[in-house]
1. Quick one: in the stretch 233-258, which of the residues that are more than 21 Å from Ala133 (Cα to Cα) and among the charged types (D, E, K, R) is surrounded by the most Cβ atoms within 10 Å (Cβ to Cβ)?
2. State whether the residues of the stretch 264-284 include one that is open to solvent by 60 Å² or more (accessible area, probe 1.4 Å), under 30 Å from Leu141 (Cβ atoms) and of a type outside the set (Phe, Trp, Tyr).
3. Please work out which residue is surrounded by the most Cβ atoms within 10 Å (Cβ to Cβ), limiting yourself to the stretch 53-95 and to residues that are within 18 Å of Leu291 (Cβ to Cβ) and among the acidic types (Asp, Glu).
4. Does the stretch 150-170 contain at least one residue that is open to solvent by 30 Å² or more (accessible area, probe 1.4 Å) and touching a Leu at 6+ places or on another chain (Cβ under 7 Å)?
5. Determine which member of the set Gly278, Gly191 is in a loop (DSSP other than H, G, I, E, B) and within 21 Å of Arg312 (Cα to Cα).
6. Any idea which of (1) closer than 27 Å to Ser103 by Cβ; (2) touching a residue at least 12 places away in the same chain (Cβ under 8 Å) is the one Thr221 doesn't satisfy?
7. Out of all the residues in the stretch 233-266, which are closer than 17 Å to Gln204 by Cα and assigned to a helix (DSSP H, G or I)?
8. For Gly110, are the conditions met, namely being surrounded by 24 or more Cβ atoms within 10 Å (Cβ to Cβ), at pLDDT 95 or above and in a helix (DSSP H, G or I)?
Amino acid sequence: MDRQDRQDRQDRQDRHGWYDGLDRHDGLDRRDRPDGLDGHEGRDRRDRSDGPARPGWRIHGMSVEGYRHRRENIPCQDAWHSAVVGPPDAAVVVLAVADGAGSRPHSGQGAGFAVRLATSHFGQRAEARPQTAQEVHELLLDAFVDVREEFVSRTEGDPDDFAATLTVVVLAPTWLGHLSVGDGFVVVRSGAEGRERQFHLLPQPDAVSEYSNETVFLTSTDAEHWVHTECVRDDGIDGVLLSTDGLTQAALSRPPGRPRGANASFASAVLRSLDNPGPDPHADDRALAELLRSDRLTAFNADDKTLLRAVRA
């Protein structure tokens, strides 16, 4: 991309609001610059709440095993993680979810490793405080390179044995950054029409093939060419949810003649329960776990399910 192209894209980002200001970048055209950060191995607990975050975001994540895994007594192969970096008056929240490839022997461990590397590397990169949309895209892509290189170098044997998708959101004071490789998705809550809150599905990576259900993983040879980033600047965003593909049918909708979007009913319900948590966090956890394991959602999709939510406290 030459200098004029970069300037034209930045001018568009500065001029427009929500829809046109949602600036995208597909593919990876940056040089690799690994930081060599120390990774954190292992798995998240299946059901866990991180509670209030320092910068005014309340965060809660949960991964549950799908019906097929419950039936065969196989652990959940999804994972999530969150982190808060920077000073309290300008803190940045990093959210990450991953879905381990069911056909790979160590994919569950890979998913847990991927989300911890993501919160570490994306968090460190975000402390650079980018000022423009282009700088945000570069930050996201550089962090992705860091994560991928450390993931590949530290997984013993064949890295593909640990294959997982990865979806990351960075919540900074003046922008939201989103990076995804694979079939995870992100919905944000912003604005209202009358009394109806509005929910927006952030664009996802292109499908590998129009006629295939093939998914790109963090360890895929050409992952750099399929990674997708977004930079959104909207002060009205007060809720975010990330998920793996196990909740696609429940959380997303495709009205006739229109592109896929957020299922406002589902998104509203799961964010509202975090806006107004009950007096017993354990009871809230049990209620959400029951929803994610319910026959209704299982009928849509029998895969593992992960829901990571953040709302302004």
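The values are calculated or read from the model by the stated rules, or taken from the named source; none is laboratory data. Keep in mind it's a predicted model, so treat the numbers as computed, not measured. Because the Cβ atoms are built from the backbone with ideal geometry, glycine has one as well, and the counts that use them run over all protein chains shown. Only protein heavy atoms, including side chains, enter the accessible area calculation; ligands, DNA and RNA are left aside. Shrake-Rupley method; radii C 1.70, N 1.55, O 1.52, S 1.80 Å.
1. Asp245
2. No: zero hits.
3. Only one residue tops the list, namely Asp78.
4. Within the stretch 150-170 (the criterion being open to solvent by 30 Å² or more (accessible area, probe 1.4 Å) and touching a Leu at 6+ places or on another chain (Cβ under 7 Å)), the answer is no, since none of the residues qualifies.
5. Gly278
6. Here Thr221 clears every test but (2).
7. If the condition is that a residue be closer than 17 Å to Gln204 by Cα and assigned to a helix (DSSP H, G or I), then Asp245, Gly246, Leu247, Thr248, Gln249, Ala250, Ala251 are the ones that fit.
8. yes
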